[in-house]
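The values are calculated or read from the model by the stated rules, or taken from the named source; none is laboratory data. Every value quoted in this text rests on a predicted model; they were computed, and no experiment measured them. Here the Cβ is made from the backbone with ideal geometry for all residues, glycine too, and neighbour counts use every protein chain on show. Surface accessibility is based on the protein's heavy atoms, side chains included, excluding ligands, DNA and RNA. Shrake-Rupley method; radii C 1.70, N 1.55, O 1.52, S 1.80 Å.
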Amino acid sequence: MSELTSAEVRIEDPDFYINDREDVYPRLHREAPVFHYEPLDVFVLSGLDDIREAARTPEIFSSASGLHLHQLRLDAEEQAVYGTVFDPAGEQFAYADPPRHRELRSIASRSFAPRAIAYLTERIQKDVADFVESVEPGRSFDFVEAAAAPLPIGVAEHFIGLPSGHADEIRGWSDALESLKLIRGPEKLREAVAQFATMNDFFREQIAFKRQNPGEDLISAMLDAELDGEPLSEANLLIYCGTFLSAGSDTTRSLLAGMIHAFAEHPEQWEKLRANPDLLDPAVEESLRWTTPARGFLRTATEDVDVHGVHIKAGQRAYLLFDAGNRDESAFADPWSFDIERPGANAHVAFGYGIHQCIAAHLARLEARILLRAIAERFSTIELAGTPTEIRQVLRAGWHEMPVVLR
């Protein structure tokens, strides 16, 4: 067998993740666990243990110099425009290393207090109950439009502290943030960035309202917090709102859709779950491993380091390919099968690992558990009613449309 080439390990091509990964990932694991992707001078880490080690050592593999593959293709002018998506005066904890990362993340962590989570749980249960009640058994509908997209947006609204009734706008902003990863050319980027002026204006209105009417939500917690002994700047307030809007809705949308798609394609697993409700939590973990909503992120080496005998120089990039780690046969037996009784399914890295593990992972799991339980209690079968339309992106796995029938 010939050596793997960058023409085969097409990490910049969305179709690679849709059509070729089942053939290429096992070869990466066996032949090139640290694969040099020459077009971007990036080293692809595909093994679960290697991904975890890199994620737990930010002093060696830093997040501070960018996380997304597409950024490496932007020229200087495009980089400058892209850098205006959020006010450069603000800071994102996803792009920070310790100790600054801990200081920034702790501000948002306060919003996950028990009272706030209890309130969100009630809201999720109500929204899920409304969805289940709306389903006509035996009639086809688009699961993405009916549940996978609106449910996380409703949770994001309440978590951040936004008023209801703006779901279409919020989804538009969230999708636009994702689409930035596909856009090239300074003028097109400027057009896309301009869309976020309305988003920030919307956030400013809600921040002003919350100053006078605080509650159990992210905006209220941030208004009561300090960074470096000072109240949070407007730039930081807007960044936190935008970050949680995008991450909270997109990642969970992918999980919910991927979970239902997996059960539709594996009806024997649905029968297992309905026969044994104790499998609910393992089913969510296996759905996360199976779907892996965010496929991977970049890190930058801060010093020379050897991984499996491959030398990575300071300043070079490593791509932590979470999607491949979740298909590592040395960690998961028969990794290309969907098995809700899989031992150790929660060892996955679908939410990342280490200090940058998704801060809202608990909320995504909560939404998935409540939705899955409600569907399992009422419907005996899940069937695809047509061909789902997958999202063609490098970063995010998911579906634009998923016609299903629940019986």
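For segment 357-379, the criterion of a residue being under 19 Å from A54 (Cα atoms) and in contact with a Ser or Thr (Cβ under 8 Å, 6 or more places away or on another chain) is satisfied by at least one position. If you filter segment 1-18 down to residues that are open to solvent by less than 30 Å² (accessible area, probe 1.4 Å) and in a loop (DSSP other than H, G, I, E, B), you find that the one that is farthest from Q71 (Cα to Cα) is L4. Within segment 24-36, if we keep just the residues that are among the hydrophobic types (A, V, I, L, M, F, W, C) and under 18 Å from H311 (Cα atoms), the residue that is surrounded by the fewest Cβ atoms within 10 Å (Cβ to Cβ) turns out to be A32. With the condition kept exactly as written, say whether any residue in segment 117-127 is outside any helix (DSSP H, G or I) and open to solvent by less than 10 Å² (accessible area, probe 1.4 Å). Scanning segment 117-127 turns up no residue that is outside any helix (DSSP H, G or I) and open to solvent by less than 10 Å² (accessible area, probe 1.4 Å). Scanning segment 77-88 for residues that are open to solvent by 60 Å² or more (accessible area, probe 1.4 Å) and either at pLDDT 85 or above or among the acidic types (D, E) (or both) gives E77, D87.
Annotation note: Cβ proximity below 7 Å between a residue of segment 138-150 that is without any contact (Cβ under 8 Å) to a residue 40 or more places away in the chain and a residue that is surrounded by 14 or more Cβ atoms within 10 Å (Cβ to Cβ) (sequence gap 6+ or interchain) occurs for A146/F131; P150/A167. Considering A197, A235, which residue is closer than 21 Å to A156 by Cα, surrounded by fewer than 14 Cβ atoms within 10 Å (Cβ to Cβ) and not basic (K, R)? Step by step, each of A197, A235 is checked, and only A197 is closer than 21 Å to A156 by Cα, surrounded by fewer than 14 Cβ atoms within 10 Å (Cβ to Cβ) and not basic (K, R).
Taking the criterion of being part of a helix (DSSP H, G or I), open to solvent by less than 50 Å² (accessible area, probe 1.4 Å) and within 24 Å of I391 (Cβ to Cβ), the residues of segment 174-191 that qualify are S174, A176, L177, E178, S179, L180, K181, L189. Taking segment 343-376 as the range and being open to solvent by 20 Å² or more (accessible area, probe 1.4 Å), closer than 14 Å to P282 by Cβ and in contact (Cβ under 8 Å) with a residue 40 or more places away in the chain as the test, the residues that pass are N346, A347, R365, R369, R373. Against the numbered list (1) surrounded by fewer than 19 Cβ atoms within 10 Å (Cβ to Cβ); (2) at pLDDT 95 or above; (3) farther than 14 Å from F322 by Cβ; (4) touching a Gly at 6+ places or on another chain (Cβ under 9 Å), P39 comes up short only at (4).
Would it be correct to say that G185 is within 30 Å of L74 (Cα to Cα) and more than 23 Å from the chain's Cα centre (by Cα)? Yes: the conditions hold for G185.
Residue-wise test of (1) part of a helix (DSSP H, G or I); (2) free of Cβ contacts under 8 Å to residues at least 60 places away in the same chain.
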{"site": "L162", "(1), (2)": "no, yes"}
{"site": "D168", "(1), (2)": "yes, yes"}
{"site": "G172", "(1), (2)": "yes, yes"}
{"site": "V193", "(1), (2)": "yes, no"}
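Is it true that A247 is over 20 Å from the mean Cα position of the chain (by Cα), within 21 Å of R369 (Cβ to Cβ) and open to solvent by 20 Å² or more (accessible area, probe 1.4 Å)? Considered against the rule, which asks whether it is over 20 Å from the mean Cα position of the chain (by Cα), within 21 Å of R369 (Cβ to Cβ) and open to solvent by 20 Å² or more (accessible area, probe 1.4 Å), A247 comes out as no.
Scanning segment 252-282 for residues that are within 19 Å of A361 (Cβ to Cβ) and of a type in the set (V, I, T) turns up just one, T252.
Scan (1) in contact with a helix residue (DSSP H, G or I) (Cβ under 8 Å, 6 or more places away or on another chain); (2) at pLDDT 95 or above for the single condition E145 breaks and write down its number. If we test E145 against (1) in contact with a helix residue (DSSP H, G or I) (Cβ under 8 Å, 6 or more places away or on another chain); (2) at pLDDT 95 or above, just (1) comes out false.
Between R52, R110, R21, R105, the distinction of being open to solvent by 60 Å² or more (accessible area, probe 1.4 Å) and either in contact (Cβ under 8 Å) with a residue 40 or more places away in the chain or outside any loop (DSSP other than H, G, I, E, B) (or both) belongs to R110 only. When G296 is tested against (1) open to solvent by 10 Å² or more (accessible area, probe 1.4 Å); (2) at pLDDT 95 or above, only condition (1) is not met.
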